[in-house]
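The values are calculated or read from the model by the stated rules, or taken from the named source; none is laboratory data. Quick caveat, the model's predicted, so the values are computed rather than measured. As a convention, Cβ positions derive from the backbone with ideal geometry for all residues, glycine included, and neighbour counts pool all protein chains shown.
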Amino acid sequence: MRILHTIAVLTAALAVTACMSKEKSHFVGECVNSGRAVSSCECTFDKLTDKYGTREFMLNTYGDNTTDEFRADARRVVQECKN
């Protein structure tokens with residue numbers, strides 16, 4: 001019975017990961033590697049992409065022309081997502 005439970009949990013975890021976009025997966029991976037919790041990284045991505053959209057989020061995060069507004073929002077969201 002315990003083995004079936006473990007298999008069910010692993011299957012659910014894989015299903016969640018499979019649903020994650022490549023952009024979110026990339027950001028969360030880098031964020032976790034910097035020492036933050038997965039939940040905090042996912043929260044940050046979700047809140048910023050809700051406001052900016054995935055394309056603008058990626059351009060502001062990895063591009064050369066990050067706007068001051070995005071920087072301020074990112075600082076605020078990181079703090080919100082820590083709690």
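Filter region 13-37 down to the residues that are exposed (fewer than 10 other Cβ atoms within 10 Å of the Cβ), more than 18 Å from T49 (Cβ to Cβ) and modelled with pLDDT under 70 and list them by number.
Correct list: A15, A18.
T49 fails exactly one of the following numbered conditions: (1) of a type in the set (S, T, N, Q); (2) more than 15 Å from the chain's Cα centre (by Cα); (3) in a helix (DSSP H, G or I). What is the number of that condition?
(2)
If you go through region 31-46, how many residues are of a type in the set (A, V, I, L, M, F, W, C), under 8 Å from the mean Cα position of the chain (by Cα) and farther than 15 Å from R76 by Cα?
Qualifying residue count for the region: 2.
Assigned to a helix (DSSP H, G or I), surrounded by 13 or more Cβ atoms within 10 Å (Cβ to Cβ) and at pLDDT 95 or above - does that describe any residue in region 62-69?
no
Against the definition (β-branched (V, I, T) and modelled with pLDDT of 90 or more), how does T54 come out, yes or no?
Answer is yes for this residue.
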